[in-house]
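Chemist: Before I ask anything, let me first share the structure, which is written out below as structure tokens.
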Amino acid sequence: MDIDDLLEGETYRDRVSTVAEDGSRNWVYAKKPEGKFYFYRKLVVAVYWLLFLGIPFIKINGKPFMQINIPEGKFYLFSKIFWPQDFFIFAVAMIIFILFIALFTVVYGRIFCGWVCPQTIFLEFLYRPIEWLIEGTPAKQRRLNKGAWTSNKAFKKISKHIIYFVLAFIIINVFLSYFIGYEAVFQFLAHPFQQVGLLIGVLAFSFMFYGVFAHVREIVCTTICPYGRLQGTLFDEDTMQIAYDYNRGEPRAKFKKNKERTEGDCIDCHQCVDVCPTGIDIRNGLQMECVGCTACIDACDFMMKHVNLPTGLIRYASEREIKTGTKIKFTTKAKAYTGLLVILVAVLAALIITRKDINVQIVRASGQSYTKLDNGERYSNMYNLKAINKIAETVKVDVKLVGIDGKIDVVGNEHIALKPESITNNPIIITIDDKYIKSYKTKIELDIYNNGKIIQRINTNFIGPFK
């Protein structure tokens, strides 16, 4: 049976699963899944929570393990500091991340969405379980929502939403600790009204976070998320996805005990739909709303075992495998992505390994011209030296002219001392003899020394009289 024939006349693609025929919100009441994949997902989520809540508190040699300190322009990764001047490394890392996601989508479908996406983890393993605990099963939730407002309903709804907001507030503060450090967050929480601007921002983001998980929910996955839209351009017949084996399952028919079954293996129990967090029917084929969470696999396998039919009616498979029985292949497209990814990872590793701990820039002071000395025998220019010290020690550097006799004076200091993990600005005056000045702009070279070793060579211009 061909899938096009099977779905002839179907209208499920006319609208997303969260929109009813009359255009209203189709609220999803998902049942709690149970099974092998759900158990594995809970293990992944446990690791996720451990990392998410623990990383802000990890320090190595007094430095945060990971922090994005935007106000100070400092970024920590593996307790190694990066500055805005290292942004090109992050650019390459972001390209690698995007290609990594693309590669995984081509080969493994939306496994990222179902297993490690924060939206899925927060909704399915934090907010929805609270809803199950307070309001009960999906059937009880429906009756509660349709019923009149009573003291019991008010208590449950108010309790749920208060807990939702408190959790949102806590999570936003955890996120905040990735930017300003947990010490600053604790200080803020101890005296919130001393930082009114920060308090307003935290409350605003908390309400936004609360709104997403209390009201918007799966619409983020089905409509808003750009990755969900992108997946349609990346899937092909060899992409691993959660698929319903229509060749084996059709025609559907209810299970009847003690009767020989002549229909397909699908007993039309609707369990795969009841547990779906986006409200789709996986039996309709590949749909953009599917986040690859495996809940339908666990539900179907549970029912197959109870009616003594083989499991795997819904499983990880490619469209080609469902059609022809051919196993998933590592396609040319996937190989190309992998090759490019390996190259970019090598480039990223090289950039990190060769990254300089000290970076110096020397530019002429704006609005300054040359100064004539000794009746025109010598001329001087003023420059601004900007140095970034990326290590946790004070560093002394010296500047020397290359191939030219001259003098370099550091204004206000004898040497240039770079404080640990900081940016230092020093005015310097360069004086050279008139014989080296060939035109209005003369190119000069400067070597930067640290402990007698050249660490950088800089080219700049020296302004002199017209000749």
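The values are calculated or read from the model by the stated rules, or taken from the named source; none is laboratory data. No experiment lies behind these values; they were computed from the predicted model shown. So basically every Cβ, Gly included, is an ideal-geometry build from the backbone, and we count neighbours across all protein chains shown. To get the accessible areas, we keep the full protein, side chains included, count just its heavy atoms, and leave off ligands, DNA and RNA. Shrake-Rupley method; radii C 1.70, N 1.55, O 1.52, S 1.80 Å.
Chemist: Determine, from the Cβ-Cβ distance of residue 355 and residue 441 and an R0 of 56 Å, the FRET efficiency 1/(1 + (r/R0)^6), rounded to the nearest 0.05.
Modeler: Values: r = 32 Å, r/R0 = 0.57.
So, using R0 = 56 Å, E works out to roughly 0.95.
Chemist: Using r as the Cβ-Cβ distance of residue 145 and residue 32, and R0 as 22 Å, what FRET efficiency do you calculate, to the nearest 0.05? All intermediate terms of the calculation are to be shown ahead of the outcome.
Modeler: Numbers: r = 18 Å, r/R0 = 0.81.
It comes to 0.80.
Chemist: Give me the accessible area per residue for the chain, probe 1.4 Å, as a whole number in Å².
Modeler: It amounts to 54 Å² per residue over the chain.
Chemist: Each label point is 7 Å from the Cα along the Cα-to-Cβ direction; what then is the distance between the points at residue 450 and residue 370, in nm?
Modeler: Here the modelled spin labels are 3.3 nm apart.
Chemist: Full-extension gain between residue 466 and residue 433, please, as 0.36 nm times their residue separation minus the C-alpha to C-alpha distance.
Modeler: So the extension gain works out to 10.4 nm.
Chemist: Let me ask something additional. Full-extension gain between residue 214 and residue 424, please, as 0.36 nm times their residue separation minus the C-alpha to C-alpha distance.
Modeler: Once the chain is fully extended between residue 214 and residue 424, it gains 70.8 nm.
Chemist: Follow-up question, since we're still on this one. Highest mean first, how do 188-195, 234-241 rank when packing is the count of other Cβ atoms within 10 Å averaged over residues?
Modeler: Numbers: 188-195: 11.4, 234-241: 19.2.
Going by the mean number of other Cβ atoms within 10 Å, highest first, we get 234-241, 188-195.
Chemist: Return an integer: the convex hull volume of the alpha-carbon atoms of region 279-423, in Å³ per residue.
Modeler: Numbers: hull volume 40.6 nm³, N = 145.
Convex hull volume per residue, Cα atoms: 280 Å³.
Chemist: Kindly write out, for region 21-34 in residue order, the coupling ³J(HN,Hα) from the Karplus curve 6.51 cos²θ - 1.76 cosθ + 1.60 (θ = phi - 60°), rounded to whole Hz, with x marking Gly and Pro.
Modeler: 4, 8, x, 7, 5, 9, 5, 8, 10, 8, 6, 6, x, 9
Chemist: What whole-number distance in Å separates the alpha-carbon centres of region 164-227 and region 291-332?
Modeler: Measuring centre to centre over Cα atoms gives 38 Å.
Chemist: If I require 18 Å or longer along the helix axis, counting alpha carbons, and a Kyte-Doolittle average no lower than 1.6, what helices from the chain are left? Use full DSSP H segments.
Modeler: Correct list, ordered by number: 87-108, 196-211, 332-353.
Chemist: While we're here: Under a straight-distance cross-link criterion of Cα-Cα below 24 Å, which lysines are reachable from residue 256, leaving out those fewer than 8 residues away in the same chain?
Modeler: Once the sequence-local lysines are set aside, what remains near residue 256 is 305.
Chemist: Something else: Using 0.36 nm per residue of separation minus the Cα-Cα distance, give me the extension gain between residue 175 and residue 338 in nm, one decimal.
Modeler: Taking residue 175 through residue 338 to full extension adds about 55.5 nm, to one decimal.
Chemist: State the Kirkwood hydrodynamic radius of region 336-396 in Å, one decimal place, computed from all pairs of distinct Cα atoms.
Modeler: 16.0
Chemist: Carbon and sulfur atoms: what percent of the 1.4 Å accessible area of the chain do they account for?
Modeler: 61
Chemist: A further question on this structure: Stokes-Einstein diffusion coefficient for the chain at 25 °C in a medium of 0.890 mPa s, Rh from the Kirkwood formula over Cα pairs: what value in µm²/s?
Modeler: Roughly 88 µm²/s, to the nearest whole number.
Chemist: Give the shape of region 77-180 as rounded, prolate or oblate, defined through the alpha-carbon gyration tensor: a ≥ b ≥ c are the square roots of its eigenvalues, a/c under 1.5 means rounded, and otherwise the shape is prolate if a/b is larger than b/c and oblate if not. Write down the numbers at each step before the final one.
Modeler: Details: a/c = 4.74, a/b = 1.97, b/c = 2.41.
Verdict is oblate for region 77-180.
Chemist: How high is the FRET efficiency between residue 199 and residue 163 when r is their beta carbon distance and R₀ equals 25 Å, given to the nearest 0.05?
Modeler: E(calc), rounded to 0.05, equals 0.75.
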